[in-house]
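**Student:** I have a structure here, written as structure tokens, and I will follow up with some questions on it.
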Amino acid sequence: MADVNQESVLPSETSPPALDGLNATDSNGTDAVNATVAKFVATPEGTALAYGSLVFMALLPIFFGALRSVSCGKSKVAGENGCDYEYRNSSDMPETITGRDAARFPIIASCTLFGLYLFFKVFSQEYINLLLSMYFFVLGILALSHTMSPFMNRIFPANIPIKQYQLLFTQGSGETKEEIVNYEFDTKDMICLVISTVVGVWYILKKHWIANNLFGLAFALNGVELLHLNNISTGCILLGGLFVYDVFWVFGTNVMVTVAKSFEAPIKLVFPQDLLEKGLGASQFAMLGLGDIVIPGIFIALLLRFDVSLKKNTRTYFHTSFLAYIFGLGLTIWVMHTFKHAQPALLYLVPVCIGFPVVVALLKGELTEMFRYEEVSAEDAAAAAKEETTTQVEKKDK
């Protein structure tokens, strides 16, 4: 799952949610504040449309990613527990974030962010973004293909034969043979890859904001679906650490904003504020970093899986945290628009996404049960299932 992991540790994912024309740029990317070029001022309608669209796009991967994390988080075989597709490749299986991973994450993200900042200061921005574009071209195709897979399973005509394929690379021979790549796919996956490649070529050639958002939404949905926190405490550690990280790098320095504006890769969602005036060729964008979606999203997905574990046929904690996210993101946009300054979204998202569910748990008397809830990694679950199967076979033999 390189596509999700790599995406999830990029620091500019937690870039400010909107840089709304404060440094308006012309078509060549230069500051348009000289005497001959007027600074762009968004209309109220254009601003409302841009912000509303960003909020809507942010909610989509959280909602559907959380649902997919539940239906397929524990099932590795198609058809089990409502799962309509299977994780045939290890890269597509959920990865569990432990408390140690959560504690180290802000440090790793800070080092990566500052490293990118230095790279943009020392080396040509054009060549760096060319390398990053090719890298995310590959990751984006894989992420978008994985996102489309369950939908393709449902709409694929039943009368068309499905052929199975396997891409296998090994090293050595005999007992020392080791698998380097073992990727299984079928006809439906091939169609998804072709469609995703077309989007990727469109992005590479045009850098169009729609292509950027298709890849960005795919990255975010994959992150919410495949990155699993092992318990609520780990989620609090991760969100708390990134809360400090986001506030420091946005308010304490210009590093975050500089990288966010220089980094030409689909690690942020964008929407034009001049869409009503210029149509699809619009060029003045508000933006939302993917980290402001994925990080709260994996916590919200954990709460949904906790709801399921209670077996009460209710989704109280998921609905509470989901509404809290909407409130926090709306508050972020309001503060940013009022003070005309880029805001660290996690400053507002973290307190509400953690606080609201905790208050609900206190009122319901389930706080202890919430913090005792534990998830095992996919590897541990597979090992436990294998051990259970072996035990059952031995009992039958006896």
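The values are calculated or read from the model by the stated rules, or taken from the named source; none is laboratory data. All of these numbers come straight from a predicted model, not from anything done at the bench. Don't worry about glycine lacking a Cβ; one is built from the backbone with ideal geometry, like all the others, and counts go over all protein chains shown. Remember, those area values only see protein heavy atoms, side chains included, never the ligands or the DNA or RNA. Shrake-Rupley method; radii C 1.70, N 1.55, O 1.52, S 1.80 Å.
**Student:** Test of understanding: what is the full-extension gain from Ala48 to Phe156, defined as 0.36 nm times their sequence separation minus their Cα-Cα distance?
**Tutor:** Separation in residues times 0.36 nm, less the Cα-Cα distance, equals 35.1 nm.
**Student:** Counting only protein heavy atoms and using a 1.4 Å probe, what share of the accessible area of the stretch 263-371 belongs to carbon plus sulfur, as a whole percent?
**Tutor:** Its accessible area is 68 percent carbon and sulfur atoms.
**Student:** If you don't mind, there's one more thing I want to ask. How large is the direction-averaged shadow of the alpha-carbon convex hull of the stretch 225-376, in nm²?
**Tutor:** 10.9 nm²
**Student:** Thr368 versus Thr258, label points 7 Å from Cα toward the beta carbon: distance in nm?
**Tutor:** 5.2 nm
**Student:** With a Förster radius of 25 Å, plug the Cβ-Cβ distance of Ser283 and His319 into 1/(1 + (r/R0)^6) and report the FRET value to the nearest 0.05.
**Tutor:** The computed FRET efficiency comes out at 0.10.
**Student:** If you count, for each residue, the other Cβ atoms within 10 Å and average over each peptide, how do 143-156, 227-240, 295-308 line up from highest to lowest?
**Tutor:** The packing order, highest mean first, is 295-308, 227-240, 143-156.
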